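One structure is given here, and the rest of the page talks about it.
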Amino acid sequence: MLPHTGDRVQNDTPITALLIAPNRELAQEFIATLPQTRAFQVVADLKSYPSSQTLEIRTRQLKPDVVLLDLATDLSVATELIKFIIGLTPPLHVLGLHTSSDSHAILQSLRAGATEFLYSPFDLSTQRDAIARLRRLVVPEQPAGTESGHVLAFSSAKPGSGASTLATQTAFSLQRITGKKVLLADFDLTGGTIGFYLKLTHSYSLVDALQHAEHLDPALWSSLAVNHGGLDILPSPAAPYDEPVDGGRLRVLLDQARQLYDWVILDVPTVFSQTSLMAISEAEQAFLISTAELPSLHMTRRAMSMVERLGFPKERFQVLMNRLDKREDLGISNMEKLFNCPVYARLPNDYFSLHRAVTLGQPLGAEGDLGKAIENMAMRLCGAGGGKKVPAPARDMRPALSQA
């Protein structure tokens with residue numbers, strides 16, 4: 001198991017790597033040396049050169065230390081990928097792989113920004129020298145005792161399923177139960193409703209936080225976030241913001257939030273949007289909200305198939321069944337078979353309690369049926385009452401070896 005975020009990293013910690021190798025003989029020859037070097041943990045093995053969009057999603061999802069890149073199959077495509085990879089925030093190191101000591105490939109890859117170059121038959125002494133140089137770059141010592149907060153994302157496959165409501169009320173419940181610092185962030189930048197539901201008066205939004213992500217400190221956080229009912233809230237902007245979200249700034253923002261808050265709750269748009277996929281890549285747990293309506297069930301099933309194809313680990317996603325009437329006989333086991341993933345909770349249709357909370361701009365509380373169900377879910381998340389706590393953010397939540 002890889003170390004917790006707050007543990008001191010030792011020099012024998014494996015360097016996590018994303019392998020991109022259309023040349024399968026080259027890939028297998030390199031993989032065969034891994035037991036001897038014990039230096040790399042390959043977290044995904046892509047059998048073709050990915051598009052830049054796919055590559056960005058996979059790197060944010062997997063968070064590798066380095067990319068092992070086949071230069072032999074198509075050097076021009078590979079060098080363009082190198083330029084893209086080192087332009088990510090934070091940039092990744094690229095180790096080029098080739099079938100021979102090709103001087104042209106070495107020169108082109110290093111000019112594009114590659115850090116190291118290895119070639120068949122992958123001599124162990126040469127590898128160890130390169131690994132030692134890489135390790136100094138990618139595995140610096142980290143101070144002990146700094147535990148990061150938990151990041152949970154709430155999304156849906158069909159708009160209007162109640163993701164914003166459940167994200168908001170779960171945040172309130174977590175703060176009430178734990179008494180700890182909780183941040184609620186509205187990532188629906190074109191149609192976010194949290195600010196409206198809670199009747200917030202705010203000058204700044206999540207967009208301002210993203211634009212200043214590299215310079216955030218506790219003082220700036222306090223000026224950007226709105227405190228309401230014990231929560232810090234980063235609402236969506238008053239005017240719809242339709243510019244693409246920079247993945248690097250999103251990651252920096254959430255890294256900062258982890259250091260300042262015990263719980264970070266993300267309300268993200270439908271799971272099919274790129275912003276949602278980038279945010280979920282940074283979360284340790286994602287809840288996909290569905291109702292019992294057939295279109296919602298169908299879209300949720302499609303969404304689960306999509307995230308599985310993208311390589312997200314199954315344990316990261318769970319479904320919340322929302323707005324269930326008592327007369328609806330939807331067994332958990334049937335739902336789990338339909339979605340091919342766990343159903344974390346069933347939440348009742350409690351229109352009047354929710355309407356009252358929205359009208360007053362207040363949290364639900366634990367009096368009504370929905371409030372009790374959300375309170376019970378929050379207790380499970382934080383481990384209160386003997387429930388199973390959400391696992392600490394750790395890098396071993398990635399797949400050991402996934403296919404493209």
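The values are calculated or read from the model by the stated rules, or taken from the named source; none is laboratory data. What you are looking at is a predicted structure, and each value in this text was computed from that prediction instead of being measured. Reconstructed Cβ throughout: ideal geometry from the backbone, glycine too, with neighbour counts over all protein chains shown. Side chains are part of the model used for accessible areas, which takes the heavy atoms of the whole protein and leaves out ligands, DNA and RNA. Shrake-Rupley method; radii C 1.70, N 1.55, O 1.52, S 1.80 Å.
Quick one: is residue 81 open to solvent by 10 Å² or more (accessible area, probe 1.4 Å), touching a strand residue (DSSP E or B) at 6+ places or on another chain (Cβ under 9 Å) and outside any strand (DSSP E or B)?
Here the answer is yes, as residue 81 does meet what is asked.
So which residues in region 31-51 are open to solvent by less than 20 Å² (accessible area, probe 1.4 Å), under 23 Å from the mean Cα position of the chain (by Cα) and small (Gly, Ala, Ser), if there are any at all?
44
Only residues in region 23-45 that are within 18 Å of residue 123 (Cα to Cα) and in a loop (DSSP other than H, G, I, E, B) count as the first member; pair them with residues that are of a type in the set (Gly, Ala, Ser) and open to solvent by 60 Å² or more (accessible area, probe 1.4 Å), Cβ under 6 angstrom, at least 6 apart or cross-chain, and list the lot.
That search, which allows pairs on different chains as well, returns nothing.
Counting only residues that are in contact (Cβ under 8 Å) with a residue 60 or more places away in the chain and assigned to a helix (DSSP H, G or I), which one in region 55-78 is farthest from the chain's Cα centre (by Cα)?
Selected residue: 56.
Restricting attention to region 191-246, report how many residues are of a type in the set (Gly, Ala, Ser), outside any helix (DSSP H, G or I) and either in contact (Cβ under 8 Å) with a residue 12 or more places away in the chain or open to solvent by 80 Å² or more (accessible area, probe 1.4 Å) (or both).
Counting residues in region 191-246 that are of a type in the set (Gly, Ala, Ser), outside any helix (DSSP H, G or I) and either in contact (Cβ under 8 Å) with a residue 12 or more places away in the chain or open to solvent by 80 Å² or more (accessible area, probe 1.4 Å) (or both) gives 9.
Name the single residue that is farthest from residue 345 (Cα to Cα) among those in region 300-317 being modelled with pLDDT of 90 or more and open to solvent by 20 Å² or more (accessible area, probe 1.4 Å).
Ranking the qualifying residues of region 300-317, first place goes to 306.
I'd like to verify a number: residues in region 341-374 that are assigned to a helix (DSSP H, G or I), modelled with pLDDT under 85 and surrounded by 19 or more Cβ atoms within 10 Å (Cβ to Cβ), how many?
Residues in region 341-374 being assigned to a helix (DSSP H, G or I), modelled with pLDDT under 85 and surrounded by 19 or more Cβ atoms within 10 Å (Cβ to Cβ): 2 in total.
Look through region 247-260, keep the residues that are open to solvent by 10 Å² or more (accessible area, probe 1.4 Å) and touching a Leu at 6+ places or on another chain (Cβ under 7 Å), and return whichever of them is farthest from residue 53 (Cα to Cα).
Ranking the qualifying residues of region 247-260, first place goes to 256.
Kindly establish whether residue 331 is modelled with pLDDT under 80, open to solvent by less than 40 Å² (accessible area, probe 1.4 Å) and under 22 Å from residue 293 (Cα atoms).
yes
Given the conditions (1) open to solvent by 30 Å² or more (accessible area, probe 1.4 Å); (2) farther than 30 Å from residue 346 by Cα; (3) part of a helix (DSSP H, G or I), report the number of the one that residue 176 does not fulfil.
Among (1) open to solvent by 30 Å² or more (accessible area, probe 1.4 Å); (2) farther than 30 Å from residue 346 by Cα; (3) part of a helix (DSSP H, G or I), residue 176 violates only (2).
Given the criteria open to solvent by less than 70 Å² (accessible area, probe 1.4 Å), part of a helix (DSSP H, G or I) and modelled with pLDDT under 90, does residue 169 qualify?
No, not satisfied.
Conditions (1) hydroxyl-bearing (Ser, Thr, Tyr); (2) in contact with a strand residue (DSSP E or B) (Cβ under 6 Å, 6 or more places away or on another chain), marked per residue:
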{"residue": "315", "(1), (2)": "no, no"}
{"residue": "325", "(1), (2)": "no, no"}
{"residue": "333", "(1), (2)": "yes, no"}
{"residue": "338", "(1), (2)": "no, no"}
{"residue": "369", "(1), (2)": "no, yes"}
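List, please: which pairs have Cβ atoms under 7 Å, are six or more places apart or on different chains, and start with a residue in region 122-147 that is among the β-branched types (Val, Ile, Thr) and surrounded by 11 or more Cβ atoms within 10 Å (Cβ to Cβ) and end with one that is at pLDDT below 75 and in a loop (DSSP other than H, G, I, E, B)?
Hits for this filter: 139/9; 146/6.
So, in region 287-331, exactly how many residues are farther than 22 Å from residue 373 by Cβ and aliphatic (A, V, I, L, M)?
Matching residues across region 287-331 total 7.
Of the residues that sit in region 87-101 and are surrounded by 16 or more Cβ atoms within 10 Å (Cβ to Cβ) and modelled with pLDDT under 90, which one is nearest to residue 20 (Cα to Cα)?
Within region 87-101, the match that is nearest to residue 20 (Cα to Cα) is 92.
Kindly establish whether residue 54 is closer than 14 Å to residue 18 by Cα, open to solvent by 50 Å² or more (accessible area, probe 1.4 Å) and not charged (D, E, K, R).
yes
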